[in-house]
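None of the figures in this text is laboratory data; all of them are computed from the coordinates on show. As the structure is a computational prediction, the values presented were derived from the model and not from experiment. Because the Cβ atoms are built from the backbone with ideal geometry, glycine has one as well, and the counts that use them run over all protein chains shown.
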Amino acid sequence: MGILEVNQVYKYFGGVKANENISLSVEKGTIVGLIGPNGSGKTTLFNSIVGTHPIDKGSIKFEGKEVSELPIPVVAKLGLLRTFQQTRIYGKLNCVQNMLISSKPEKDNIFTVFAKIPATLTAKAENLLKFVGLYQKRKLRAGDLSFGQQKLLELAMALMNEPKMLLLDEPTAGINPTLINGIIDRLIKVNKEFGVTLLVIEHNMRVIMNLAQKIFCLAYGQLLAEGTPEQIKNDKRVINAYLGAQ
């Protein structure tokens, strides 16, 4: 059994089947890709996995525990987190403050959290910023970072909570091409050095082919194909799905 098991999941929005009978398994310690044309249901599936959009039918298990009816904070405490295509950071706070806010207890608020930060937590934040290459910018307002740097900050914020698994929604979208290799390298290190399982939505085929060990392809809300990068690259169903979407 994988760390994540999605079994016969359906999600409706009115009369639209955003996800229809989707089943997939992600093994612990792997990097898995989730691809498909725009509107194929990838982000909807992510939202269902972490509890944003409860499913209408089926099962989602994380480490053997049914999570399909759990609220987002409970799912996150289990070690299952996600990042977003459009970054969600606190633009007026500096990078270290963003890191500390991301790990604050729920009972605290933004006005009290900085008054009782242990030095060990600040050191942890700074070490993670160093890991993603933002240590020199740690005192800079997050809103003044480039979009690519904001994505790295969001990754570091997620790592503050020591996730077991991360769902990454287009981690290289909108990023300067010169920075993409650095993103790939860091995601591989997150997997290897931190032991975090990754499920990655990505439209850049070069990125996902170099990053993932296994790939699932969705189309029209259904699972179209699954296999190794080489198998997916040569799958006529996948090729036709992308060509038909252009």
Fill in the blank from the handout: Going residue by residue through the stretch 13-20, the Karplus relation 6.51 cos²θ - 1.76 cosθ + 1.60 with θ = phi - 60° gives ³J(HN,Hα) values, rounded to whole Hz and with x marking Gly or Pro, of 10, x, x, 8, 8, 5, 10, 9
Completion exercise
For G36, other-chain or 5+-apart residues with amide H closer than 5 Å (H placed, Pro excluded) are L218
Problem - Computed lengthening from I188 to I72, 0.36 nm per intervening residue step minus Cα-Cα distance - result: 39.2 nm
Practice task
Identify which of the listed values of Cα extents along the principal axes in Å was calculated from the structure shown: (1) 54, 40, 32; (2) 171, 46, 34; (3) 64, 54, 35.
Solution key: (1)
Completion exercise
Beyond 23 Å (Cα-Cα) in this structure, taken from K61/K164; K189/K236; K28/K137; K151/K189; K42/K214, we find K189/K236; K28/K137
Exercise for the section: Using only Cα atoms, locate the centre of the stretch 1-66 and the centre of the stretch 152-188, then give the distance between them in Å, rounded to an integer. Expected result: 21 Å
Completion exercise
Phi-derived 3J(HN,Hα) across the stretch 219-234 with the Karplus relation (6.51, -1.76, 1.60, θ = phi - 60°), rounded Hz, x for Gly and Pro, is 7, 6, x, 10, 6, 8, 7, 8, x, 6, x, 5, 5, 5, 4, 9
Fill in the blank from the handout: Relative contact order of the stretch 169-220 (C-alpha contacts under 8 Å, at least 6 apart) in percent is 44 percent
Exercise for the section: Per DSSP H run of n ≥ 4, the term is -39500 (n - 2.57); total these for the chain, divide by its residue number, and report the mean residue ellipticity at 222 nm rounded to 500 deg cm²/dmol. Expected result: -10500 deg cm²/dmol
Handout entry: Computed E for T120/K233 - FRET, C-beta separation, R0 51 angstrom, nearest 0.05
Key = 0.65
Practice task
Could you pull out the pairs from K57/K92; K65/K139; K57/K77 whose alpha carbons sit more than 30 Å apart here?
Solution key: K57/K92; K65/K139
Practice task
Could you pull out every residue, at least 5 positions away or on a different chain, whose amide H is within less than 5 Å of the one on D56? Hs are placed 1.01 Å off N in the peptide plane, and Pro or chain starts have none.
Solution key: Y10, K11, Y12
Completion exercise
Given backbone amide H placed at 1.01 Å from N, residues whose amide H is under 5 Å from that of S68, ignoring those fewer than 5 places away on the same chain, are I60
Handout entry: Spin-label pair F13/N38, simplified geometry with 7 Å Cα→Cβ offset, distance in nm
Key = 1.4 nm
